[in-house]
Amino acid sequence: MSEGIDEADRPAEVTGGAPDLFSKFDPLIQLRTNLLSAGQEDPFGLVMEKVISPTEAICNGRQTILLGTYNYMGMTFDPDVIEAGKKALDDFGAGTTGSRVLNGTYAGHKAVEEALCDFYGMKHAMVFSTGYQANLGIISTVAGKGDYIILDIDSHASIWDGCKLGDAEVVPFKHNDIEAMEKRLKRIPEGAGKLVILEGVYSMLGDIAPLKEMIRVAKENGAMVLVDEAHSMGFIGPNGRGVAEEQGCLDDVDFVIGTFSKSVGTVGGFCVSNHPKFEILRLVCRPYVFTASLPPSVVATACTSIRKLMHAGNKRAHLWENSKTLHKGLTDAGFQLGTSEPQSAIISVIMPDLERGAAMWEALLHEGLYVNLARPPATPANMTLLRCSLCAEHTAEQVQTIIGMFQRAGKTAGILG
Ligand SMILES: Cc1ncc(COP(=O)(O)O)c(C=O)c1O
């Protein structure tokens, strides 16, 4: 961790009097220095010294309840998942050392793509090394020069970066605002290709999109639709296919993007689609072609996990219970939350500012609870948030313990009166 900017730390000479390329980071360095010099523990530098289960770890030598992971369905320690990973490690080795289009497609990569087709009831699935790369690749490849991307302003960084990597015109609209989206769609020149990009669950506030209506409007205006279901896969919808399934409009989605790093419990990303020409993307999508494929152990764990998630109705029901209980408990305690009703497994607690948010984060850690501290630019409207993400493996008792921890930490940090 930097100790701030000291004259002595400055590079002795930068060629030709050009500025130090790191000077643009000075405001952030200063912000961190100010925060940490007051004795605040670094909220972005926590180490998990041992992970006990999907819901508990040892942090700073203390047993800590995890309420800030994306392990929504608790699959990381599933015995079948672990067994599949170990077997693949033994049978196929530690890595593929190659691209999917050269030597990097093993039986396991085909098996996980088949599992995804079965999970979503779709014809095609393409697996990437991360969800970030799935968005980067699909968006930049599908929407090209002369095309238009119409996207929610609160879209995830990987969606924005996918737009930057491609050559399409990018037209943002106000978060979840159907009218604003429609207006922008109607302004697009006749004959241009259009891709509307939406998310099922928006991960900062944990709110969901009115996908059914938005997709109807997108289709009426001749657009293709991509929905990122990273935070809903496995949990939302009768079969865990996401918000589009829950709202009965999955058949109208052209591309579903998802990740293995949340409910699936490992790492990787994917796109599923019924588009008849989808397979050509394997040859033209640079973030798919120009990178090594996932290790055999990872695709084996993902494949087993996805197949188990197809039959996880009880877990989904329990996770909804957890979400409702925590939402009510925190509301009753006097916290201001990101949504008035629980809409997903993410419950965000709005903090007055970064300093008090960091103090509350630390007070919770001392109680034995880990949550995510989120700040701009990741958050909408410059908010500082304590993001709580629940797991299907949290017991009802743990959720009550968590509420008690919030009440005590809220008083310690001066958030509650
Ligand atoms: C909405 C959304 N899309 C994509 C991603 C990227 O997923 P991955 O962790 O697999 O790169 C994330 C990760 O947080 C996300 O929140």
- Query: Can you name the strands (runs of 3 or more DSSP E) wholly within the stretch 203-292 that have at least 2 residues being within 16 Å of the ligand (Cβ to nearest atom), among the aliphatic types (A, V, I, L, M) and in contact with a Leu (Cβ under 9 Å, 6 or more places away or on another chain)?
  - Reply: 224-228, 255-259
- Message: Report every pair of residues separated by at least 6 positions or lying on different chains whose Cβ atoms are under 6 Å apart, first residue within the stretch 35-63 and within 30 Å of PRO79 (Cα to Cα), second part of a helix (DSSP H, G or I) and of a type outside the set (A, V, I, L, M, F, W, C).
- Response: PRO54/THR76
- Please go through the stretch 93-129 and pick out each residue that is in a loop (DSSP other than H, G, I, E, B), hydroxyl-bearing (Ser, Thr, Tyr) and either more than 16 Å from VAL298 (Cβ to Cβ) or in contact with a Pro (Cβ under 9 Å, 6 or more places away or on another chain) (or both). THR96, TYR106, SER129
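Every residue, every condition in (1) surrounded by fewer than 21 Cβ atoms within 10 Å (Cβ to Cβ); (2) small (Gly, Ala, Ser), yes or no:
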position	(1), (2)
THR304	no, no
GLY313	yes, yes
ASN382	yes, no
CYS388	no, no
- So, in the stretch 145-157, of the ones that are surrounded by 13 or more Cβ atoms within 10 Å (Cβ to Cβ) and under 8 Å from ALA168 (Cβ atoms), which residue ends up nearest to the chain's Cα centre (by Cα)? ILE149
- Query: Which numbered condition trips up LEU35, out of (1) part of a helix (DSSP H, G or I); (2) surrounded by fewer than 15 Cβ atoms within 10 Å (Cβ to Cβ); (3) in contact with a helix residue (DSSP H, G or I) (Cβ under 8 Å, 6 or more places away or on another chain)?
  - Reply: (2)
- Query: Would you call ALA381 at pLDDT below 95 and in a helix (DSSP H, G or I)?
  - Reply: yes
- Query: How many residues, within the stretch 154-169, are in a loop (DSSP other than H, G, I, E, B) and within 14 Å of the ligand (Cβ to nearest atom)?
  - Reply: 3
- Which numbered condition trips up ASN103, out of (1) touching a Phe, Trp or Tyr at 6+ places or on another chain (Cβ under 6 Å); (2) closer than 23 Å to SER129 by Cβ; (3) of a type outside the set (Lys, Arg)? (1)
- Task: Give the number of residues within the stretch 179-205 that are of a type in the set (Val, Ile, Thr) and farther than 26 Å from THR384 by Cα.
- Result: 2
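Residues of the stretch 170-202 being assigned to a loop (DSSP other than H, G, I, E, B) and within 10 Å of the ligand (Cβ to nearest atom), which ones? Lay out the reasoning, then the answer.
Looking only at the stretch 170-202, we keep the residues that are assigned to a loop (DSSP other than H, G, I, E, B), and these are 174-177, 188-193, 200.
Correct list: GLY200 only.
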- Message: Among the numbered criteria (1) within 16 Å of the ligand (Cβ to nearest atom); (2) farther than 29 Å from SER293 by Cα, which one does ASN135 miss?
- Response: (2)
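The values are calculated or read from the model by the stated rules, or taken from the named source; none is laboratory data. Worth saying up front: this structure is predicted, and the values here are computed from it rather than measured. For neighbour counting, all protein chains shown are included, and Cβ atoms are generated from backbone atoms with ideal geometry for every residue, glycine included.
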